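Visitor: Please find one structure pasted underneath; my questions will follow.
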Amino acid sequence: MEQQETEVPPLPPRFRFRDLLLGDQNFQNDDRVQVEFYVNENTFKERLKLFFIKNQRSSLRIRVFNFSLKLLTCLLYTIRVVTDNPGQSHEWGLIFWVDRKLPVWAIQVIVAIISFLETMLLMYLSYKGNIWEQIFQVSFLLEMINTVPFIITIFWPSIRNIFIPVFLNCWLAKCALENMINDVHRAIQRTNSAMFNQVLILICTLLCLVFTGTCGIQHLERAGKNLSLFNSFYFCIVTFSTVGFGDVTPRIWPSQLLVVIMICVALVVLPLQFEELIYLWMERQKSGGNYSRHRAQTEKHVVLCVSGLKIDLLMDFLNEFYAHPRLQDYYVVILCPSEMDLQVRRVLQIPLWSQRVIYLQGSVLKDQDLMRAKMDDAEACFILSSRNEVDRMAADHQTILRAWAVKDFAPNCPLYVQILKPENKFHVKFADHVVCEEEFKYAMLALNCVCPATSTLVTLLVHTSRGREGQQSPEQWQRQYGCCSGNEVYHIRVCDSKFFGEYNGKSFTYASFHAHKKYGVCLIGIKREDNKSILLNPGPRHIMAANDTCYYINITKEENSAFIFNQEERKGRPAVGLFEGPSQLPVHSILASMGTVAIDLQNASPPDPSGGKLVPPTVNGTGGRRPSIAPVQEIADSSSILPCDLLSDQSEDDSVFTDEKGHSPTEYVKGYPPNSPYIGSSPTLCHLLAEKAPFCCLRLDQGCRHNSFEDAKAYGFKNKLIIVSAETAGNGLYNFIVPLRAYYRPRKELNPIVLLLDNPPDNHFLEAICCFPMVYYMAGAIDNLDSLLQCGIIYADNLVVVDKESTMSAEEDYMADAKTIVNVQTMFRLFPSLSIITELTHPSNMRFMQFRAKDCYSLALSKLEKKERDKGSNLAFMFRLPFAAGRVFSISMLDTLLYQSFVKDYMILIARLLLGLDTTPGSGFLCAMKVTEEDLWISTYGRLFQKLCASSAEIPIGIYRTESHIFPTSESQVSVSADDCEDTKERADESRSTEQSSDHPLLRKKSMQWARRLSKKSVRWQGVNRDSSRDHAQRIAQQRLNLYRRSEREELSELVRNRMRHLGLPTSGYDEQNDHQNTLSYVLINPSPDTRLELNDIVYLIRSDPLAHVPEVPPVHSSSLKERHESSVDIREDTEL
């Protein structure tokens, strides 16, 4: 029965759910207990403490009132002194008794009562168990001295005129002011006020010392000289300033003792205050202070956030940022957590930068530091990664957090973020502009292999220059190269443009050619008003509209250009189109000499699709006339444009391609890579294997059950290899493979790719690359000759050396490239015919590439570089031969791409399209074509421009030129003469080429010493064995002579051949005589139309997208691609000159 009573009765089924939601009211009323929180704050004492102490605003009012009372008492004391007249008697009683008027006494009594009650109340509220500690506080004692005597005079009228040192209230006023300022800063949440507080304390201390000394001396001198208040003040100022005129002095010993005490107090207190102030000032100098709110609201500024600021990074940013005229009035606020470097400090003290650059030491993750930098008012925020860190992933994580912190604090501030690893890019997708270092680096290095010096081309395009570099040089190539380096990418609307406005309604190709012919500008891209995508060379089917935005390459933008018309235009002849009649020539001309292009409009017929594009046409009449070129059509003619479908290629045996000797044919398809190694990679149509290759088949130097090949020679590749040397197979390496396997690369021109890795790749990376044809890897290093030979370096056309992350950080900054430079120099000696493309950490180290100690020409280039740097050039290193030829590259040179995006927000997208990182439908791609002897009939670059636009709708943007150059020889480059050896004088007249001479006399000296030792041993051996054969002695002598005559080139060749024999490799492919040391190469961006074409020139082209106008068809799977190949039309994939 008791058990049943204790059980909870079940809820009625009908109301159970409602009761669960609303609860049982009877149950709530019976068992609910009301709980009150913070009961202790409801007591009278806590409420008083909250009002007088804890509450910021109410306590601030109390302190302001208290401060006013103290100032009032000091003012009353001054009034009492002025109204008091002690007479000329010298009595000691005057020190203890004064003449206090009744109104003054009454006011002082009231103030004393209020101050006393306030003091006792605050003592009660702040009592914590130790009453004596509160009683013996200086402030409490001063309050009692200045208030209790006045309260006593109420009950004892006879002592109303007793002297009370009320002037000591100035020290209480000083304490009240300090507390008041602290409450003000706490109320407005201002934490960076230490410097202001310390300055205020110092000033108040000085005032209190002077006021105390003035009042004390004046009162004590009542019994002596009877000084006035002003004379006492004058004496204190003269004394504290250590001037000491001596015209006013105290006469009696009490006042003299007070002066001694005041001087001692000043000697103790003031140095402590000054020391604290200097310390805070030095700390403020380190941290950089604040960027004022008033300046932030009236002036424009950008914030640069870095983890560590080096002088190179700072100067690159400042030079590029302030190179634009409209940014001259901007301020740059640098926010860095580390202390300012000594070199950076010296640079920022230069007047050019000290007025525009502000350095703040602080963290982006702290809102207080972001407030100091006024991030919410900034025009932009640049967040740069520390690329010199060993752990680049950790550096990216710091960059990501900085970007998040800025976005959280100032969501409307434009963000420009630099990231290192591509897999971290998607974390900062919200940023306005993002540059991924490894993406750009690998894509640029890949294009360097198929389009020489792409790195130099892009670097020159993204640097701000006026093309004045090298104009004082005596060499023609330096003047031409320096002038063309000033070309940059600009934009303008068609309706606002003089360059392109007259081509409204014409085809893009027509506008590009005639704008180049007429004004010397190269139109490379377009953007529709209703489309955010930029299209590079959209082709002749694109019709120019008035609201289109044009992107063009020129020395300067159109707004800064002046147009000069000929005499007929000045006389009032109306401007006509370029071709109003069949033989009308353009009447406009630009300042530069542009040359002429021969055009025969009577024979304007569509080009023959079956023939080569640049084959010279048949010339009617005599042979003296230059062959004519078909004109560029205003509107695209469908009959002149071949249909194409890049998903098919019947010219290469459909989808079957044999890439290995004795191996079964490999089936290729075109599609999108199925496995991307990281999030955010742009999908690109590529050549793929029909079936993924097993991981074991990707290893170049090891056979497997599918094949038994163990070196590059065994594969029998038809094309030259591309070898990439890297430390690890990072995700960025994926961007090296994709541009080389893009769909627009002809299959017959695909180069095998060999990844020479210090550390074996993981399965995740192998899964991403196993779908690409002819991609292999091998474990090895470039400092190991056996690894280089085994991976097929003698069959390679290009070797790409990627900077290793483990060497990026060194004790001495510029030594990070030491190992890479020495290894590349060794390979340059061993394989002189190999094109080596090297990535360096520091651009200044490129002068050590292909280093020759006493090369007069290199020394002349070094002097030219110094001159250009002194002139303020941002491209002082451009004349270094390795950079001009595109054989060396540093990713830091592309930092300007992010900086330029602040003014040109399209630069990153255009660079990605050029490098193949993005493939926008309808946008063209960068490729190259070589000028052969059969193509020299075209004669000039302007005629080539017309021929390409008319026949294949391709836009040339520059030339890569290689010239034979006889470098001045020096002592280190001359062969060691045989006159140095007594027994080889008869060999002195034999000719020796420069390539076979020794570049290092010390090496030859060691070889000759070795030969002499060998000859001495042979002489001793002959002395012991007199009866030996004379033939053996002659053989030893001949060996000695051969060693004397042996050059460094022959020694290195023999070393390579011996290692190849040891590895079982054939030596027939090793050609050591093909040396490129006597040539120089350089890039000409957008040269003038009358530039003469030369043999072996390589022309950079932007080829239109062949898939731009292909009719859309339903997507198909890989299994049905072969059927599409059989029914598709042939495609023109390459440009045959």
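Visitor: Accessible area per residue, 1.4 Å probe, Å², for the range 345-459: what's the number? Could the numbers behind the result be given before it?
Guide: On the way: 4120 Å² over 115 residues.
That works out to 36 Å² per residue.
Visitor: How far apart, in nm, are two points set 7 Å out from the Cα along the Cα-to-Cβ line at Phe196 and at Tyr127?
Guide: Spacing of the two 7 Å Cα→Cβ label points: 3.7 nm.
Visitor: Mind computing the radius of gyration and Dmax over the alpha-carbon atoms of the range 687-762? Å is fine for both.
Guide: Every Cα atom of the range 687-762 included, Rg and Dmax give 13.0, 33 Å.
Visitor: Ranked highest first by average number of other Cβ atoms within 10 Å, how do 695-707, 947-959 line up? Present the calculation step by step, with values, prior to reporting the outcome.
Guide: On the way: 695-707: 15.3, 947-959: 24.3.
Descending mean neighbour count gives 947-959, 695-707.
Visitor: Mind jotting down a quarter of the surface of the convex hull over the alpha carbons of the range 223-325, in square nanometres, one decimal?
Guide: Details: hull surface 51.1 nm².
Spelled out: convex hull of the Cα atoms, projected over all directions, averaged, 12.8 nm².
Visitor: Also, quick follow-up: If the limit is 22 Å between Cα atoms, which of Lys300/Lys441; Lys49/Lys128; Lys720/Lys930; Lys407/Lys804; Lys421/Lys441 go over it? Before the final figure, lay out the partial values.
Guide: Numbers: Lys300/Lys441 33 Å; Lys49/Lys128 13 Å; Lys720/Lys930 17 Å; Lys407/Lys804 33 Å; Lys421/Lys441 11 Å.
Violating the 22 Å limit, Cα to Cα: Lys300/Lys441; Lys407/Lys804.
Visitor: With only alpha-carbon atoms counted, please give the Rg and Dmax of the range 52-140, in Å.
Guide: Looking at the range 52-140, its Cα Rg and Dmax stand at 17.5, 54 Å.
Visitor: Moving to a separate point now. Given points 7 Å out from each Cα along the Cα-Cβ axis, report the Asn161 to Ser964 separation in nanometres with one decimal.
Guide: If labels sit at Asn161 and Ser964, their model points lie 12.1 nm apart.
Visitor: So if the hydrodynamic radius of the range 441-542 is defined as the Kirkwood radius over C-alpha pairs, what does Stokes-Einstein give as its diffusion coefficient at 20 °C and 1.002 mPa s, in µm² per second?
Guide: 135
Visitor: What do you get for Rg/Rh over the range 293-357 if you use C-alpha atoms and the Kirkwood form of Rh?
Guide: Numbers: Rg = 11.9 Å, Rh = 12.5 Å.
Ratio of gyration radius to Kirkwood radius: 0.95.
Visitor: Now for a separate question. Which semi-axis lengths, in whole Å and largest first, follow from the square roots of five times the eigenvalues of the Cα gyration tensor of the range 53-105? Walk me through the numbers on the way to the answer.
Guide: Working: eigenvalues 265, 22, 12 Å².
Each semi-axis is the square root of five times an eigenvalue, giving 36, 10, 8 Å.
Visitor: Still on this structure, please answer the following. Considering only protein heavy atoms and a 1.4 Å probe, what is the carbon-and-sulfur percentage of the accessible area of the range 386-447? All intermediate terms of the calculation are to be shown ahead of the outcome.
Guide: Details: 1140 of 2150 Å².
That share works out to 53 percent.
Visitor: Kirkwood Rh and Cα-based Rg: tell me the resulting Rg over Rh for the range 707-862, rounded to two decimals.
Guide: 0.99
Visitor: What accessible area per residue, rounded to a whole number of Å², is obtained for the range 722-842 using a probe radius of 1.4 Å?
Guide: Values: 3270 Å² over 121 residues.
Accessible area per residue: 27 Å².
Visitor: Could you tell me the extents of the range 302-401's C-alpha atoms along the three principal axes, largest first, rounded to whole Å?
Guide: Result for the range 302-401: principal-axis Cα extents of 36, 28, 23 Å.
Visitor: So if we plug the beta-carbon distance of Val243 and Ser862 into 1/(1 + (r/R0)^6) with R0 = 51 Å, what FRET efficiency do we get, rounded to 0.05?
Guide: On the way: r = 62 Å, r/R0 = 1.21.
My answer for the efficiency is 0.25.
Visitor: Related question: Which distance in nm do the two modelled labels at Glu275 and Lys718 give, with both placed 7 Å along the Cα-to-Cβ direction?
Guide: In this crude label model, Glu275 to Lys718 measures out at 8.6 nm.
Visitor: Regarding the range 218-265, what's the average projected area of the Cα-atom convex hull, expressed in nm²? Numbers along the way, then the final one.
Guide: Values: hull surface 12.2 nm².
The directionally averaged projection comes out at 3.0 nm².
Visitor: Follow-up question, since we're still on this one. Between Ala546 and Arg869, what length comes free when the chain is fully extended (0.36 nm per residue of separation minus the Cα-Cα distance, one decimal in nm)? Could you put the intermediate results ahead of the total?
Guide: On the way: separation 323, 0.36 × 323 = 116.28 nm, distance 4.26 nm.
Length gained, Ala546 through Arg869: 112.0 nm.
Visitor: Another question about this same structure. Given a Förster distance of 30 Å, report the FRET efficiency between Glu529 and Trp404 from their Cβ-Cβ distance, rounded to the nearest 0.05. Before the final figure, lay out the partial values.
Guide: On the way: r = 34 Å, r/R0 = 1.14.
Computed FRET efficiency for Glu529 and Trp404 comes out at 0.30.
Visitor: Over the alpha carbons of the range 843-936, what is the largest minus smallest coordinate on each principal axis, giving the biggest first in Å?
Guide: Rounded to whole Å, the extents work out to 52, 45, 21 Å.
Visitor: Taking a probe of 1.4 angstrom, what is the accessible area of Met371 in Å², to the nearest 10?
Guide: The accessible area of Met371 comes to roughly 100 Å².
Visitor: Another question about this same structure. Of the listed peptides 241-253, 523-535, 826-838, 768-780, what is their order by residue-averaged count of other C-beta atoms within 10 Å, with the highest listed first?
Guide: Details: 241-253: 11.8, 523-535: 18.2, 826-838: 20.2, 768-780: 21.8.
In decreasing order of mean packing, 241-253, 523-535, 826-838, 768-780 become 768-780, 826-838, 523-535, 241-253.
Visitor: Sticking to Cα atoms, compute the Rg of the range 369-432 to one decimal and its Dmax as the biggest Cα-Cα distance, whole number, in Å.
Guide: Spelled out, the Cα radius of gyration and Dmax of the range 369-432 are 11.8, 35 Å.
Visitor: Also, I was wondering about something else. First measure r as the distance between the Cβ atoms of Gln297 and Thr78, then evaluate 1/(1 + (r/R0)^6) with R0 = 35 Å and state the FRET efficiency to the nearest 0.05. Could you put the intermediate results ahead of the total?
Guide: Numbers: r = 43 Å, r/R0 = 1.23.
After rounding, the FRET efficiency stands at 0.25.
The values are calculated or read from the model by the stated rules, or taken from the named source; none is laboratory data. The structure presented is a predicted model; accordingly, all values stated were derived computationally and were not measured. Methodologically, a virtual Cβ is constructed for each residue, glycine included, from the backbone with ideal geometry; neighbour enumeration extends over all protein chains shown. Surface areas here come from the heavy atoms of the whole protein model, side chains and all, with no ligands, DNA or RNA. Shrake-Rupley method; radii C 1.70, N 1.55, O 1.52, S 1.80 Å.
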